[in-house]
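Colleague: Okay, here's the structure, questions in a sec.
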Amino acid sequence: MLKAIGQTFFSSGLQHPKFTAQQSKGEDYEIRTYHTTNWVSTSVTGMEQDPAFSTGFRRLFKYIQGNNDKKCKVEMTAPVSCMIDPGAGPACESTFTISFFIPEEHQADPPKPTDADAFIENRKELTVFVRTFGGFANSESSREELLKLMESLKRDGIKFKEAPFYRAGYDSPFKLTNRRNEVWLIKDEEEKA
């Protein structure tokens, strides 16, 4: 099922970061190693994931609409990722880093953001465990899917970092059906594949 969803998305026409798929022990998650790439990112500190995601998305949308040093429009890509670095306790603020993948034609020399709150992130090669789910993603559904992913990885004896973790969305807010969302946990590099 995961492969079918991936084929549907990857034929949608939006550029996405390249990755190498690896064999997973379970059918309910994937293992991907994303290649080193540039992303435009912004960080938002707050207590709630959904408002932070919206704030970050709006900042980055201005960037792709021409709010950059080259004053050029940049093609929309997928996924929109949100790295969540939880606060130290239940009443502490978390850091949410929202990112758009920079299209291939701008990878070598990405336009620099003119908004001081946005930056170009050179994301190094990264191996993640991925669980895919449908519907409209929000903090509650993302948390539920993240817990399911953690359970699957523990079941299979795989080590992972509990934080930070990622939420990724592939669809326009105007798409109502067959939506694709993901949660990612980072591989503990001490774990041997």
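The values are calculated or read from the model by the stated rules, or taken from the named source; none is laboratory data. No experiment lies behind these values; they were computed from the predicted model shown. As a convention, Cβ positions derive from the backbone with ideal geometry for all residues, glycine included, and neighbour counts pool all protein chains shown. Side chains are part of the model used for accessible areas, which takes the heavy atoms of the whole protein and leaves out ligands, DNA and RNA. Shrake-Rupley method; radii C 1.70, N 1.55, O 1.52, S 1.80 Å.
Colleague: Within region 115-153, which residues are assigned to a loop (DSSP other than H, G, I, E, B) and crowded, with 19+ Cβ neighbours inside 10 Å?
Modeller: Of region 115-153, the ones assigned to a loop (DSSP other than H, G, I, E, B) are 115-117, 124-125, 134-138.
Matches in region 115-153: Ala137 only.
Colleague: Restricting attention to region 60-114, which residues are in a helix (DSSP H, G or I) and out of contact with any Pro (no Cβ under 6 Å at 6 or more places or on another chain)? So that I can check it myself, show each step before the final result.
Modeller: As a first pass, look at region 60-114 and keep what is in a helix (DSSP H, G or I): 60-64, 104-107.
Correct list: Leu60, Phe61, Lys62, Ile64, Glu104, Glu105, His106, Gln107.
Colleague: In addition: Report yes if some residue within region 23-39 is under 19 Å from Glu125 (Cβ atoms), assigned to a helix (DSSP H, G or I) and either within 16 Å of the chain's Cα centre (by Cα) or at pLDDT 95 or above (or both); otherwise report no. Break it down into steps so the answer makes sense when it comes.
Modeller: Taking region 23-39 first, the residues under 19 Å from Glu125 (Cβ atoms) are 23-24, 30-39.
Now drop any that are not assigned to a helix (DSSP H, G or I), which leaves none.
Within region 23-39 (the criterion being under 19 Å from Glu125 (Cβ atoms), assigned to a helix (DSSP H, G or I) and either within 16 Å of the chain's Cα centre (by Cα) or at pLDDT 95 or above (or both)), the answer is no, since none of the residues qualifies.
Colleague: Yes or no: region 178-185 includes at least one residue that is touching a residue at least 40 places away in the same chain (Cβ under 8 Å), over 27 Å from Gly13 (Cβ atoms) and not β-branched (Val, Ile, Thr). Before you say what the answer is, go through the steps one by one.
Modeller: Within region 178-185, the first condition is being touching a residue at least 40 places away in the same chain (Cβ under 8 Å), and the residues that meet it are 178-185.
Remaining after also requiring over 27 Å from Gly13 (Cβ atoms): 185.
Checking the rest, the ones that are also not β-branched (Val, Ile, Thr) come to 185.
There is at least one residue in region 178-185 that is touching a residue at least 40 places away in the same chain (Cβ under 8 Å), over 27 Å from Gly13 (Cβ atoms) and not β-branched (Val, Ile, Thr).
Colleague: Against the condition free of Cβ contacts under 8 Å to residues at least 12 places away in the same chain, under 16 Å from the mean Cα position of the chain (by Cα) and not in a strand (DSSP E or B), how does Phe57 come out, does it pass? Steps first, please.
Modeller: Numbers: free of Cβ contacts under 8 Å to residues at least 12 places away in the same chain: no; under 16 Å from the mean Cα position of the chain (by Cα): yes; not in a strand (DSSP E or B): yes.
So Phe57 fails the test.
Quick grid of which residues meet (1) hydroxyl-bearing (Ser, Thr, Tyr); (2) under 20 Å from Arg32 (Cβ atoms):
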{"position": "Met83", "(1), (2)": "no, yes"}
{"position": "Thr97", "(1), (2)": "yes, yes"}
{"position": "Glu104", "(1), (2)": "no, yes"}
{"position": "Pro111", "(1), (2)": "no, no"}
{"position": "Glu121", "(1), (2)": "no, yes"}
{"position": "Phe129", "(1), (2)": "no, yes"}
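Colleague: Condition first: in contact with a Lys or Arg (Cβ under 8 Å, 6 or more places away or on another chain), in contact (Cβ under 8 Å) with a residue 40 or more places away in the chain and over 23 Å from Lys18 (Cα atoms). Can you find one or more residues in region 124-136 that meet it?
Modeller: yes
Colleague: How many residues does region 2-22 hold that are within 22 Å of Ile158 (Cα to Cα), at pLDDT below 90 and either touching a Leu at 6+ places or on another chain (Cβ under 7 Å) or aliphatic (A, V, I, L, M) (or both)?
Modeller: Initially, region 2-22 is screened for residues within 22 Å of Ile158 (Cα to Cα), giving 2-3, 19-22.
After this cut, where a residue has to be at pLDDT below 90 as well, the list is 2-3.
Narrowing the set further to residues that are either touching a Leu at 6+ places or on another chain (Cβ under 7 Å) or aliphatic (A, V, I, L, M) (or both) leaves 2.
Within region 2-22, residues that are within 22 Å of Ile158 (Cα to Cα), at pLDDT below 90 and either touching a Leu at 6+ places or on another chain (Cβ under 7 Å) or aliphatic (A, V, I, L, M) (or both) number 1.
Colleague: Return yes or no: is Met76 open to solvent by 10 Å² or more (accessible area, probe 1.4 Å), within 16 Å of Lys124 (Cα to Cα) and not polar (S, T, N, Q)? Spell out how you get there, then give the answer.
Modeller: On the way: open to solvent by 10 Å² or more (accessible area, probe 1.4 Å): yes; within 16 Å of Lys124 (Cα to Cα): no; not polar (S, T, N, Q): yes.
Judged against the criteria, Met76 is not a match.
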